[in-house]
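Engineer: One structure coming up, written as structure tokens, with questions to follow.
The values are calculated or read from the model by the stated rules, or taken from the named source; none is laboratory data. Quick caveat: nothing in here was measured; it's all calculated off a predicted structure. Note: ideal-geometry Cβ built from the backbone for every residue, glycine included; neighbour counts use all protein chains shown. To get the accessible areas, we keep the full protein, side chains included, count just its heavy atoms, and leave off ligands, DNA and RNA. Shrake-Rupley method; radii C 1.70, N 1.55, O 1.52, S 1.80 Å.
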Number of protein chains: 12
Amino acid sequence: MLGKREPKLYGKQTLADIEKSCAVHGKKLGLKLVFFQSNSEGELIDRLHAAVKDAAGVIINAGALTHTSVALLDALSILKCPVIEVHLSNIYRREKFRQHSYVSGAATGVICGLGAEGYLLALTAMKTLLKN
Amino acid sequence: MLGKREPKLYGKQTLADIEKSCAVHGKKLGLKLVFFQSNSEGELIDRLHAAVKDAAGVIINAGALTHTSVALLDALSILKCPVIEVHLSNIYRREKFRQHSYVSGAATGVICGLGAEGYLLALTAMKTLLKN
Amino acid sequence: MLGKREPKLYGKQTLADIEKSCAVHGKKLGLKLVFFQSNSEGELIDRLHAAVKDAAGVIINAGALTHTSVALLDALSILKCPVIEVHLSNIYRREKFRQHSYVSGAATGVICGLGAEGYLLALTAMKTLLKN
Amino acid sequence: MLGKREPKLYGKQTLADIEKSCAVHGKKLGLKLVFFQSNSEGELIDRLHAAVKDAAGVIINAGALTHTSVALLDALSILKCPVIEVHLSNIYRREKFRQHSYVSGAATGVICGLGAEGYLLALTAMKTLLKN
Amino acid sequence: MLGKREPKLYGKQTLADIEKSCAVHGKKLGLKLVFFQSNSEGELIDRLHAAVKDAAGVIINAGALTHTSVALLDALSILKCPVIEVHLSNIYRREKFRQHSYVSGAATGVICGLGAEGYLLALTAMKTLLKN
Amino acid sequence: MLGKREPKLYGKQTLADIEKSCAVHGKKLGLKLVFFQSNSEGELIDRLHAAVKDAAGVIINAGALTHTSVALLDALSILKCPVIEVHLSNIYRREKFRQHSYVSGAATGVICGLGAEGYLLALTAMKTLLKN
Amino acid sequence: MLGKREPKLYGKQTLADIEKSCAVHGKKLGLKLVFFQSNSEGELIDRLHAAVKDAAGVIINAGALTHTSVALLDALSILKCPVIEVHLSNIYRREKFRQHSYVSGAATGVICGLGAEGYLLALTAMKTLLKN
Amino acid sequence: MLGKREPKLYGKQTLADIEKSCAVHGKKLGLKLVFFQSNSEGELIDRLHAAVKDAAGVIINAGALTHTSVALLDALSILKCPVIEVHLSNIYRREKFRQHSYVSGAATGVICGLGAEGYLLALTAMKTLLKN
Amino acid sequence: MLGKREPKLYGKQTLADIEKSCAVHGKKLGLKLVFFQSNSEGELIDRLHAAVKDAAGVIINAGALTHTSVALLDALSILKCPVIEVHLSNIYRREKFRQHSYVSGAATGVICGLGAEGYLLALTAMKTLLKN
Amino acid sequence: MLGKREPKLYGKQTLADIEKSCAVHGKKLGLKLVFFQSNSEGELIDRLHAAVKDAAGVIINAGALTHTSVALLDALSILKCPVIEVHLSNIYRREKFRQHSYVSGAATGVICGLGAEGYLLALTAMKTLLKN
Amino acid sequence: MLGKREPKLYGKQTLADIEKSCAVHGKKLGLKLVFFQSNSEGELIDRLHAAVKDAAGVIINAGALTHTSVALLDALSILKCPVIEVHLSNIYRREKFRQHSYVSGAATGVICGLGAEGYLLALTAMKTLLKN
Amino acid sequence: MLGKREPKLYGKQTLADIEKSCAVHGKKLGLKLVFFQSNSEGELIDRLHAAVKDAAGVIINAGALTHTSVALLDALSILKCPVIEVHLSNIYRREKFRQHSYVSGAATGVICGLGAEGYLLALTAMKTLLKN
């Protein structure tokens, strides 16, 4: 799971809090989670390239890169597994330039505006997608 | 819950199936659900106006009206309760005119592309929103 | 007179209050008023089609349909009588999509941003238009 | 056949006249016609949904909704039978906003600008399409 | 009150006629009117700057400057009193470049398309605004 | 009749087949047909200029020039006789740049998406237009 | 004749030189010329308003106001006499914002890019226009 | 001189009339004229390529190709002699697509809206340009 | 130095205060300052034309004209001395129409958002530019 | 091979020089070349239609028609053989209207900005494409 | 202070020269400076995140990232201290894509076009901002 | 040579295969090659900065950064040596956002759509460019 924006700005929980609830929820669902966070587009892409081999599903919050990175879209497009895009805030109520997501072009589904719980919902949805 | 598009096109479940799983899931969460479906913008708006008094939260899939109805945006804006927008398909991978949602302008959060399960996730999220 | 948006949002008076002051003001001007309110575009159009025969003038607040309904423009264009468009708020200071009115394309004049009094001013103007 | 705009504006024949000539022409072609007219988008959609079961072909003049209704596009897209779009006037010589048709996105063919005869031509074309 | 366009073009009354009916109507309403007319944007702005001190309300018809003058918008924005924008013709039925008004960005309300009577309606509305 | 695009791409019939069915249908309608085909805009224009004198009506399929040739629009605008625009495919479901037709700006009517039969329908319509 | 831009920038002749050659050429043509130059939009408009009474034709180089002044367009539109727009440089080869002229919307003809001689050509053309 | 549009539409004179007055005026100016008219872009380009060698100046009315032909722009750009663009009508008061000229991108000057006299003015201007 | 907008809106200092601090700072730098303020575009242009002769550098805050005046751009383009554009507020965080400056097209540099101190910084920068 | 623009403008070699080096290089590669050059869109299309039968591959430099000709795109789209688009200059560093190529929509590959050598590279690439 | 573009291109001083003058000027102002330079968006963001704790003010020249990086905007938006954006060249006179700055959306002020001195001016302005 | 996208997606050869054929072809041409691959924009820019000193020519495939990175454009613009842009696929037949390349703004030439052979062609072209 890739998380890039500061949760302080977007809810009361810290990134550590979110990772912890995800870990707990993932365990309940029988999913093994690996967390990854970086401010570097290159590192995110390297991580996604690695995911081709080591991931059954990807949950991604690409932060501001969501709106500008064609390279992320390309890295996600190589993946054959399900991809769920998460945003803490509802990007479709924000500035115009935040209302377009390159990530969506390669995502199975999108969950946004539901805060930290968005990650838990994504895990639940991923579980279902992996069952089908 | 307002649902307007044919689930046959967007997944294997019928609207009745979705309503049933929602009812089951809602019961588990302790939420009392009321379903509403109409092809008429006017009826949807009338229902939303009624929701000002009789609803603690609204989960809405406005189908094609999502992209064209300022009137729905206005009806949703009057509501003070949480609103979750659901789409069976990922509208952000579809035609350009489907990538803008007037509903989002009044929604707390958006869940799309995750099929019928999107409604169940929305119920879970609503439960959390109502607790806070 | 067609009114579609909630006056609670746009001023202190209820729709009933506005209808009452209109009735009083209309009486003073010697105008016979018929009120019509609906959230359905189809019903508004049916009403306007009827107006071809039963109305000497139309004062219309088409609410959110103002910005999206070519069908309303067509229904108004059939009328040969004066048409005055009223909005409680100044739509030209609001979101970009509220700054275009299809109704204006068929209206003699527009009054907006002057709250409930806008209807009274419209009645006064209508009186003058009918005299000429 | 769905017809929504006033033929008075767009030719000398009334809607009844057009229905009559269509009936005569349809009979000659061995086609059984059902007419439907409404100013309500919802009712048109309900009728098109019913057409999935009861129609071998659809000839539609969606009037002003042509230019604004994604919901009509979606309702037509569900149909597997041929769809012919008819307009009395040549919409491609009119205002810019009338030069885009959502209906065309789901139509086999388009006939416009040929007045009431457009319906008869559509019937002839439908006959051919049903033969192939 | 600032008036800038030729009424000859936009109705039968001369500017003098309009001023006279305004004076009569203003007297009836108990309002003291000061007229100002200029073809110079700079003079209009100087007058509006003076209005900060000497006016309880402003009724403005900025003519063609309506569509081009950010400076007028800024001068009006400084005012704390009500501002009513008047146009003799319905600018929203005219050329595209006349359908945007910088003046509206600072106006309480807009009255257009009702000819010289628009000024009288504006005076009536101003009276009400000043009472509240 | 001007035809420019390859029917192989747009239906099973060759241009010769189409010309033959047109000839048969034209004979039945009592219309005398002259066929003209060219890949040169200049030759098409020369032919249309000649049509001012020798044609009672024009049925034109301008192929790709439909979308780019202001010169064709001008040549058609000189004609006082009816003009019917035909396209084998439904150009309004194709690439964006094919959804604008300069030819439509001078056409009485448009028939598209109905394959080779479109020409026959155009002949029928032309017969009616010439009778009126 | 209204001239507003510096000829030094746009050719070797000074404004005085141009006025002189215009006077000479006007005399030859039997035209009586009145020159007017101002950097103020308001003064130009006042002058054009006066022209309604005192001019048989107007030759105008509105300089940079060409591209921004709707007020000039309106002032020119009141005139019933011929109006010829002159520019020293070819504005259609310059920056995009110089390629739109509000003045053209009210001009009989345009002459640009031919330097100071443009004024003489305009005088010749005006002579012809006044003869017809 | 290349002329492509029908003068009948744009003035009382025929192309022959214009050629005749041009010949007379050219003789007076001491200019030797060669006329060329074609509806084919390719022929116009071939003629312009020849002009590299045989012309001291070019006066061109490219008709509708003005607005669409980059190839004409390129052919004119090769020329080192003066180029004057002429239009019988004022293209800047017509449809939007007629307000852009590729020809202008390679023209010394533009004369439009002054009818057949535009050609004579162009000859006069050309004489001056060739003297400098 | 040209200053046009009200400093009251954009900082605590009055225009007089700013002029005073500029005078003090200019003296320290050994620069002789001349202040000019006007709400008239024409007067500003006249002043800039005079600056061709009497100024070694220009510091300009063109207020709202910044965004609309091509004439100011032209007047500034004639100057050969350095030009520094100052804005009290950061115009690039404001409404879209304030984010384009015609003045910038002729300015050496821009300082904005730093309040009244922007003028002092501009004086310092001007001193350096004049030294080089 | 179709070549339409003047090589003099775009490199030191003449069209003849290019044809000669192409012939030499083609011989080395074992390719049989046929050259074709025309300024007429119609002739180019006729040639491309013939290529359906007589060509194993097409190398095309459509000059200015690249940017405007949908008809060329259609003619190229019929071809099943490889198509390589060549431009002497780098069109993507030139005017905006030269940065869109209709030809690219039907081309296997594009080579531009490498001068006359671009044709040789295209021949080499064609050889490889024909081998696969 | 973040500096990313090559000063060689934008003035005679090297980055080292600029750092040195900044150090000298900062010392004079009593400001303690920390320099940071990187070509990696991720590193710049990491540095800005650190600035939340260790900086009283930020002076940033984001080079080309200015125009593309929403992530930088977000990183700057977290800061509560003053932010001054500096560019060596006047970006508002350059290509269109350089005329939009995401950095400005979070900057207190902007200084551009004044070369290396821009940094010194920024330091002076920062000193003042920190005093208030 | 900078290569950033996965060759698996864009042809049968791996990046290693391409490097090997490039090495072989480069050797034949007498060129010494240095390969560089990174998913980080910053590292690519650092490498290009180094190329100012250590490269006689640059062949670059910037992958998805092609479409978004002004920083790459700037880094390439500093280079005085030839730059050839290569893409495995024909980017001009893909999504709209892939049809603009910032890299092209600084490239001598572009080769795209010719798969891995594009690199070999680029080497051949580079050899020629270095000879001139």
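Engineer: Any chance you could count how many residues in the range I:116-125 are aliphatic (A, V, I, L, M) and open to solvent by less than 10 Å² (accessible area, probe 1.4 Å)?
Structural biologist: Count: 4.
Engineer: Let me ask something additional. Looking at J:Leu123, J:Leu130, can you tell me which residue is in contact (Cβ under 8 Å) with a residue 12 or more places away in the chain and more than 11 Å from the chain's Cα centre (by Cα)?
Structural biologist: Residue meeting the stated conditions: J:Leu130.
Engineer: Let me spell it out: the conditions are (1) in contact with a Cys (Cβ under 8 Å, 6 or more places away or on another chain); (2) more than 20 Å from L:Glu95 (Cβ to Cβ), and J:Lys131 meets all of them except one. Which number is the exception?
Structural biologist: Only one criterion is unmet by J:Lys131, namely (1).
Engineer: For the range A:92-106, how many residues are farther than 16 Å from B:His87 by Cβ and aromatic (Phe, Trp, Tyr)?
Structural biologist: Selection size over the range A:92-106: 2.
Engineer: If you scan the range K:49-65, which residues turn out to be more than 8 Å from every other protein chain (Cβ to nearest Cβ) and out of contact with any strand residue (DSSP E or B) (no Cβ under 7 Å at 6 or more places or on another chain)?
Structural biologist: Residues satisfying the conditions are K:Ala50, K:Val52, K:Lys53, K:Asp54, K:Ala55, K:Ala56, K:Gly57.
Engineer: Taking interchain pairs and intrachain pairs at least six residues apart, which have beta carbon atoms under 6 angstrom, with the first residue in the range E:71-83 and among the hydrophobic types (A, V, I, L, M, F, W, C) and the second assigned to a strand (DSSP E or B)?
Structural biologist: That search, which allows pairs on different chains as well, returns E:Leu76/E:Val83; E:Val83/E:Val58.
Engineer: For the range A:86-103, which residues satisfy the criterion of being more than 17 Å from B:Met126 (Cα to Cα), facing another protein chain (nearest Cβ under 8 Å) and touching a strand residue (DSSP E or B) at 6+ places or on another chain (Cβ under 8 Å)?
Structural biologist: Within the range A:86-103, A:Tyr92, A:Ser101 meet the criteria.
Engineer: With respect to B:Thr108, determine if the residue is closer than 17 Å to C:Ser40 by Cα and of a type in the set (Val, Ile, Thr).
Structural biologist: Against the criterion (closer than 17 Å to C:Ser40 by Cα and of a type in the set (Val, Ile, Thr)), B:Thr108 does not qualify.
Engineer: Now for a different question. Checking E:Val70 against (1) closer than 15 Å to C:Ile84 by Cβ; (2) of a type outside the set (Ser, Thr, Tyr); (3) in contact with a helix residue (DSSP H, G or I) (Cβ under 6 Å, 6 or more places away or on another chain), which single condition isn't satisfied?
Structural biologist: (1)
Engineer: Let me ask something additional. Give the number of residues within the range K:66-78 that are open to solvent by 10 Å² or more (accessible area, probe 1.4 Å) and under 11 Å from K:Glu41 (Cα atoms).
Structural biologist: So the count comes out to 1.
Engineer: Let me ask another. Restricting to the range F:66-85, give me the number of residues that are under 17 Å from D:Leu114 (Cα atoms), of a type outside the set (A, V, I, L, M, F, W, C) and within 14 Å of chain D (Cβ to nearest Cβ).
Structural biologist: Result for the range F:66-85: 2.
Engineer: For the range H:104-115, indicate whether the set of residues that are at the interface with another protein chain (Cβ under 9 Å from one of its Cβ atoms), open to solvent by less than 40 Å² (accessible area, probe 1.4 Å), on the phi > 0 side of the Ramachandran plot and touching a Phe, Trp or Tyr at 6+ places or on another chain (Cβ under 9 Å) is non-empty.
Structural biologist: Checked against the condition, which is being at the interface with another protein chain (Cβ under 9 Å from one of its Cβ atoms), open to solvent by less than 40 Å² (accessible area, probe 1.4 Å), on the phi > 0 side of the Ramachandran plot and touching a Phe, Trp or Tyr at 6+ places or on another chain (Cβ under 9 Å), the range H:104-115 yields at least one hit.
Engineer: Under the condition of being of a type in the set (A, V, I, L, M) and under 13 Å from B:Ile111 (Cα atoms), which residue from the range A:79-103 is surrounded by the fewest Cβ atoms within 10 Å (Cβ to Cβ)?
Structural biologist: Ranking the candidates gives A:Ile91 first.
Engineer: Considering only the range B:68-115, how many residues are more than 20 Å from C:Ala64 (Cα to Cα) and of a type in the set (A, V, I, L, M)?
Structural biologist: Qualifying residue count, the range B:68-115: 7.
Engineer: Kindly establish whether A:Ser21 is among the polar types (S, T, N, Q), farther than 30 Å from I:Lys96 by Cα, more than 7 Å from every other protein chain (Cβ to nearest Cβ) and touching a Leu at 6+ places or on another chain (Cβ under 7 Å).
Structural biologist: In short, yes.
Engineer: Next up: Quickly run through the range H:20-45 and pick out the residues that are open to solvent by 50 Å² or more (accessible area, probe 1.4 Å) and under 13 Å from the mean Cα position of the chain (by Cα).
Structural biologist: Scanning the range H:20-45 gives H:Leu33, H:Val34, H:Phe35, H:Phe36, H:Gln37.
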